[in-house]
Amino acid sequence: MSEQTQTTAPEQRASSPLKSLFSGAAARNLGLVLALLAILAVGMITAFDNFFNFGNALVILRQASIIGVISIGMTFVIISGGIDLSVGAVLALASVVGSLTAIQDIAKSSHWIVTVVVALLVGVGAGLINGVIIAYGKVAAFMATLAMMVGARGLAEVLANNRTLVVSDRDFLKAMNVDLLGVDILIWIFAAVAVAGWLLLNRTTFGRRTVAIGGNREAARLAGIKVKQHIMWLYALCGLTAGIAAVMILGRTNAGTSTHGNLYELDAIAAVVVGGTLLIGGRGTITGTVFGVLIFATLNNVFVQNNMSSSLQAIAKGAIIVIAVLLQQRFAVGRAKQGRLRPAGRQAPPA
């Protein structure tokens with residue numbers, strides 16, 4: 001038996017780097033790249049002239065930008081083991097408050113940045129309320145954010161009096177419709193939020209604590225992490241991204257309404273899950289989320305270019321989500337088996 005152990009150990013050591021390469025984040029991102037390339041290939045085959053050009057690429061990125069910003073905040077929440085169903089309604093509320101006549105008058109007499117600050121404060125405030133209820137009130141994240149979703153949407157309807165509020169600040173509209181180097185400002189905002197999210201998750205203590213809480217909340221608490229406080233700030237961060245998205249949609253539509261952001265929470269969750277973030281928490285990447293957003297935006301564009309119905313789009317999107325969840329379950333089962341079969345006295349490799 002000892003000879004067998006000695007002969008197989010070098011083979012295991014030799015194969016472990018290759019195995020880790022094809023089972024880690026790099027492999028998951030490679031799979032997302034291949035999926036995106038496959039969708040691009042379908043678009044070029046079925047609608048080459050309209051699909052394969054720089055203008056259409058900008059259209060895809062512009063359509064992905066608002067959902068993309070929301071998805072960055074959602075990634076942090078899901079990595080921690082939570083979920084936020086209220087982001088679409090919070091976006092609507094922030095857009096309505098930012099376009100109220102009183103806010104517009106203040107912005108005109110001072111600076112258009114007032115509209116931005118108010119929308120961001122509404123988003124952060126709603127997120128903090130979610131965080132306090134979940135962390136300190138010990139209410140399930142699903143129920144707390146569901147209540148916020150209903151309440152925020154209702155408050156937006158009351159404030160807007162079931163009307164569409166037009167943004168009349170020309171300076172704000174001009175700033176939100178400018179092109180930098182030929183690229184829409186909304187795309188730049190998405191890129192900036194994605195980079196900031198990547199740095200926060202991968203290069204700060206905040207990000208490491210988020211992953212630790214999602215992996216094992218009790219172990220994180222015993223390690224000295226202030227779990228409740230951290231969870232509160234995670235939902236505030238998710239609310240902040242909803243506020244940023246509200247500013248973007250105000251600039252794009254020139255109006256605030258309670259119907260903004262309808263079902264955006266589902267699109268964001270779908271993008272995050274397809275991007276490889278585990279619904280049970282403990283693992284996820286900003287890069288994967290960005291690819292998830294681009295996959296859905298490109299898929300929608302392919303359907304539009306081919307004049308296919310929105311019903312077929314929904315079916316395709318649902319199939320992609322199911323496949324992603326099944327792959328997650330397979331990963332979780334494989335990881336559990338690996339943990340049970342690991343020899344005693346041998347530590348698990350670092351994640």
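For the chain, take the longest principal axis of its alpha carbons; what is the angle in degrees between that and the long axis of helix 87-98, to the nearest 10 within 0 to 90?
Around 30 degrees separate the two axes.
Packing-wise, with mean Cβ within 10 Å as the measure, how do 288-301, 67-80 rank, highest first?
Peptide ranking by packing, descending: 67-80, 288-301.
Could you give the dipole magnitude of the chain about its Cα centre, charging the beta-carbon of Lys and Arg +1 and that of Asp and Glu -1, in debye to the nearest 20?
Taking the Cα centre of the chain as origin, the dipole is about 1280 debye.
Which ³J(HN,Hα) values, rounded to whole Hz and listed in residue order, are derived for segment 106-115 from phi using the Karplus coefficients 6.51, -1.76 and 1.60 in 6.51 cos²θ - 1.76 cosθ + 1.60 with θ = phi - 60°, glycine and proline given as x?
5, 5, 5, 7, 10, 7, 5, 5, 4, 4
Spelling out what I want: for every residue of segment 227-243, take phi, set θ = phi - 60°, compute 6.51 cos²θ - 1.76 cosθ + 1.60 (Karplus), and round to whole Hz; glycine and proline get x.
Going residue by residue, I get 4, 4, 5, 5, 4, 4, 6, 5, 6, 5, 5, 5, x, 4, 5, 5, x Hz, with x marking Gly and Pro.
Just the ratio, please: alpha-carbon radius of gyration of segment 273-313 over 2.2 N^0.38 Å, N its number of residues.
Taking N as the residue count of segment 273-313, the ratio is 1.45.
Tell me, what % of the accessible area of segment 17-128 is carbon and sulfur with a 1.4 angstrom probe?
So the carbon and sulfur contribution to the accessible surface is 76 percent.
Over segment 100-169, what number does the Rg to Rh ratio reach, with both radii from the alpha-carbon atoms and Rh per Kirkwood?
1.09
Mind checking which of L85, N254, A38 is farthest towards the positive end of the chain's charge dipole, using Cβ charges of +1 (Lys, Arg) and -1 (Asp, Glu) about the Cα centre?
L85
For volume of the Cα convex hull per residue in Å³, the choices are (1) 150; (2) 120; (3) 164; which was calculated from the structure?
Entry (3).
Can you list the aspartates and glutamates whose alpha carbon sits under 17 Å from that of K138, skipping same-chain ones fewer than 8 residues off?
D84, E218
Accessible area, 1.4 Å probe, largest first: how do V178, V166 sort?
V166, V178
Restricting to Cα pairs below 8 Å that are 6+ residues apart, what does the relative contact order work out to for segment 98-192? Please round to a whole percent.
Normalised by residue count, the contact order of segment 98-192 is 28 percent.
Given S168, W198, M149, which one lies farthest toward the positive end of the charge dipole of segment 149-203, if we put +1 on the Cβ of every Lys and Arg and -1 on the Cβ of every Asp and Glu?
M149
For the chain, take the longest principal axis of its alpha carbons; what is the angle in degrees between that and the long axis of helix 185-202, to the nearest 10 within 0 to 90?
40 degrees
Take every Cα pair under 8 Å in segment 56-149 that's 6+ residues apart, average their separations, divide by the length, and report that relative contact order as a whole percent.
Taking the mean separation of contacting Cα pairs over the length of segment 56-149, I get 34 percent.
Compute the accessible area per residue over the chain, keeping the other protein chains in place, probe 1.4 Å, unit Å².
Accessible area per residue, the chain: 51 Å².
I need to check one value: relative contact order of the chain, counting alpha carbon pairs closer than 8 Å and at least 6 residues apart, in percent.
31 percent
The values are calculated or read from the model by the stated rules, or taken from the named source; none is laboratory data. Predicted model, so just to flag it, every value in this text is computed and none were measured. Every residue, glycine among them, receives a Cβ derived from its backbone with ideal geometry; neighbour counts consider all protein chains shown. Just so you know, the surface numbers come from the protein's heavy atoms only, side chains and all, with ligands and any DNA or RNA stripped out. Shrake-Rupley method; radii C 1.70, N 1.55, O 1.52, S 1.80 Å.
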